[in-house]
């Protein structure tokens with residue numbers, strides 16, 4: 001039960017991190033790129049998948065993706081479950 005509660009808490013944190021951040025909205029900037037993150041996690045045989053979209057400069061999108069990768073690595077190292085993050089750039 002602790003594992004499920006822990007994973008739910010971490011998943012909520014990742015979902016918040018994975019959502020668009022208006023502070024980085026640069027719709028009018030030329031060269032804007034977008035990325036969609038797909039998060040799949042599994043705990044005790046139960047799995048779930050969610051996704052979100054983020055647009056910004058290349059540097060902002062790179063930073064956003066790297067932060068999510070680090071969070072997934074932390075979760076995977078904890079032994080609570082597995083989390084996979086895949087990015088698709090538009």
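Read-outs throughout are calculated quantities, based only on the coordinates presented, and are distinct from any laboratory measurement. Predicted, not measured: the structure shown is a model, and the values here were computed from it. In this analysis, Cβ positions are derived from the backbone assuming ideal geometry, glycine residues included, and neighbour counts consider all displayed protein chains.
Label positions at residue 62 and residue 46, each projected 7 Å from the Cα along the C-beta direction, are separated by 3.9 nm.
An oblate overall shape is assigned to the range 30-90, the ratio a/c of its alpha-carbon gyration tensor axes (a ≥ b ≥ c) being 1.5 or greater and a/b not exceeding b/c.
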